[in-house]
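The values are calculated or read from the model by the stated rules, or taken from the named source; none is laboratory data. Keep in mind it's a predicted model, so treat the numbers as computed, not measured. Please note: Cβ atoms are built from the backbone with ideal geometry, for glycine as well, and neighbour counts cover all protein chains shown.
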Amino acid sequence: MELHYREGATADIKHLLALGITAYGQFQQVLTEENWNKLYTNLSSEKTYVDLIEKSKCFVCVANNEIVGMALLIPSGNPTKIFQADWSYIRMVGVNPRFEGRGIAKKLTQLCIECAIENEEKIIALHTSEFMDAARHIYEKAGFKRVKEIEPIFGKRYWLYILELG
């Protein structure tokens, strides 16, 4: 099966939403019902994806005309309570569980890093959780360094990672 990578667009939002629910749905069993409902509400809101796509560069992986992977790079100038204004950051790396183990998340992460370098970003950041073991391994192998533990999200431990590009 051939995997194709391309930029995502607003026309993909319904497919990204479906992928978000599928990709992150595998974590339902490690969250409390209350926290899963909060995550699910966020993942199933079209507004979540519209807001992200409007300010990011979205990368998707397509197999058999189906979006099976996604990652979004938010450029610097979009601070949050976690990410500083002068940082770019990666959000919503997700892969359909049927396609895990094929290097899709690794490739999408690399595309985000390459885009950040092209845009002359100095730092690219991300956050990930204690229940996302495969993701942490990918990020650490790509050179991201764990900077600190941040406030729990959905009742779980999360860490801030950065990769210095300059």
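The rows are residues; the columns are (1) under 27 Å from Gly101 (Cα atoms); (2) modelled with pLDDT under 95; (3) surrounded by 19 or more Cβ atoms within 10 Å (Cβ to Cβ).
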site	(1), (2), (3)
Asn37	no, no, no
Leu73	yes, no, yes
Ser76	no, no, yes
Lys81	no, no, no
Exercise for the section: Output the residue which, of all residues in segment 81-98 that are in a loop (DSSP other than H, G, I, E, B) and either in contact with a His (Cβ under 7 Å, 6 or more places away or on another chain) or among the polar types (S, T, N, Q) (or both), is farthest from Ile123 (Cα to Cα). Expected result: Asn96
Handout entry: Qualifying positions in segment 143-166 - over 22 Å from Gln28 (Cβ atoms) and buried (at least 16 other Cβ atoms within 10 Å of the Cβ)
Key = Phe144, Leu160, Tyr161, Ile162, Leu163
Problem - Cβ-Cβ under 8 Å pairs, at least 6 apart or on other chains, segment 101-114 side buried (at least 23 other Cβ atoms within 10 Å of the Cβ), far side in a helix (DSSP H, G or I) and of a type in the set (A, V, I, L, M) - result: Ala105/Ala134; Ala105/Ala135; Ala105/Ile138; Thr109/Ile138
Handout entry: Residue list for segment 68-125, restricted to those being acidic (Asp, Glu) and out of contact with any strand residue (DSSP E or B) (no Cβ under 9 Å at 6 or more places or on another chain)
Key = Glu100, Glu114, Glu118, Glu120
